[in-house]
1. Show me the strands (runs of 3 or more DSSP E) entirely contained within segment 246-317 in which 2 or more residues are in contact with a Leu (Cβ under 6 Å, 6 or more places away or on another chain).
2. Looking at segment 214-230, can you tell me whether even one residue there is in a loop (DSSP other than H, G, I, E, B), under 13 Å from the mean Cα position of the chain (by Cα) and at pLDDT 90 or above?
3. Test of understanding: among Ala95, Ala28, which residue is in contact (Cβ under 8 Å) with a residue 60 or more places away in the chain, over 18 Å from Thr295 (Cα atoms), aliphatic (A, V, I, L, M) and surrounded by 14 or more Cβ atoms within 10 Å (Cβ to Cβ)?
4. Considering (1) assigned to a loop (DSSP other than H, G, I, E, B); (2) in the same structural domain as Tyr127 (by TED's automatic domain parsing), say which one Pro56 fails and leave the rest.
5. For the list (1) touching a Leu at 6+ places or on another chain (Cβ under 9 Å); (2) assigned to a loop (DSSP other than H, G, I, E, B); (3) small (Gly, Ala, Ser); (4) at pLDDT 95 or above, I need the number of the one condition that Ser82 fails.
6. If you check Ser181, Ser157, which single one turns out to be out of contact with any Pro (no Cβ under 9 Å at 6 or more places or on another chain), buried (at least 17 other Cβ atoms within 10 Å of the Cβ) and at negative phi?
7. Among Pro254, Pro267, which is over 16 Å from Asn304 (Cα atoms) and surrounded by 15 or more Cβ atoms within 10 Å (Cβ to Cβ)?
8. Please verify whether segment 108-118 includes one or more residues that are surrounded by 15 or more Cβ atoms within 10 Å (Cβ to Cβ), farther than 20 Å from Ala285 by Cβ and modelled with pLDDT of 95 or more.
Amino acid sequence: MGNIISEDRIFSLNSNDDFNRLALDIYAYQKTHCSIYRDFVHILDRPEPKVYSEIPFLPISFFKSHEVITDGDLPEVQFLSSGTTGMKRSKHLVASKQLYERSFMTTYREQIGNPAEQVILALLPSYLEQGESSLVYMVDRLITESKSTNSGFLLQSIDEIEKRYKIARSEGKKTILFGVSYALLDLAEKGIDLSEAVIIETGGMKGRRKEMTKEELHVTLKDALNVETVLSEYGMTELLSQAYCDADMHFKTPPWMKVLIRDVNDPFGWAKEGKTGGINVIDLANLYSCSFISTQDLGRSNGNQFQILGRFDQSDIRGCNLLVE
């Protein structure tokens, strides 16, 4: 990788000024060395950004139609988004597995805890079935870091989940259960008590169940599994960083990631704080692909935190579809 930007800079940011300088440096690098982003910026023909909020954001759909990777770099691994049968899946070509691991391990330790002190269980059947999942890669690494034979991926074995949870309690370890939303609802219908576990839902319904708001989902899970709090992980195939929500449903990003809320009718304008809009993400860990992504998620900002409110319907998507054929 011929990049002149040190990866260490990503994980040593101490201020908003540091973030702004690094974002502008990465923008300049990717505008030169990522061909699809270079073409996108050229066609937009916008003034050169002076602050990170003026940087052009690549529509996330480009990860379905193009290879988004910096020139001369080869992927060490590729991740594909989940999707229903026949749906074209996004592809993220990751030039550095080490950079991805450093990103998610640092955030997990900061926001969730030390995996070596935990038993980590995963209910992610659809991701396992489809393969090449960045979420499965992350959770598998966390399971390895836990160094517990009790940790692991489980499908629909409710008895096994309950058994391992009880073993973890007897060993004085906290149980962390990652689960795709529909699988957690399946688990909730069994009515087992996981009162001392930490539930982290992610991934939505995947067409398996009726969609519901996160608030509705979390209330249902808390009541059925007898847990005080359900957390949520916000990440995606196209990003190498994640945000986790607190009990109040506000997501917190690591220092190298920012979420901005764009105006739903103006892809270059920003919604006022507290107003609903489209989510744009700056993920500086995406050093070798594109760090500036316009998603199809809806949300609102609250200071340095944000909420997820749903997704645009296809008919509601505004903005620039240049280069997407």
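The values are calculated or read from the model by the stated rules, or taken from the named source; none is laboratory data. Here the structure is a predicted model, which means the values were calculated and not measured. With ideal geometry, Cβ positions are generated from the backbone for all residues, glycine too; neighbour counts draw on all protein chains shown.
1. Passing ranges, in order: 277-283, 292-302, 305-311.
2. In the first step, residues of segment 214-230 are kept if they are in a loop (DSSP other than H, G, I, E, B); the result is 226-229.
Remaining after also requiring under 13 Å from the mean Cα position of the chain (by Cα): none.
Checking segment 214-230: not a single residue is in a loop (DSSP other than H, G, I, E, B), under 13 Å from the mean Cα position of the chain (by Cα) and at pLDDT 90 or above.
3. Numbers: Ala28 fails: in contact (Cβ under 8 Å) with a residue 60 or more places away in the chain.
Result of the check over Ala95, Ala28: Ala95.
4. (2)
5. (4)
6. Going through Ser181, Ser157 in turn, the sole match is Ser181.
7. Details: Pro254 fails: over 16 Å from Asn304 (Cα atoms).
When all the criteria are applied, what remains is Pro267.
8. Within segment 108-118, one or more residues are surrounded by 15 or more Cβ atoms within 10 Å (Cβ to Cβ), farther than 20 Å from Ala285 by Cβ and modelled with pLDDT of 95 or more.
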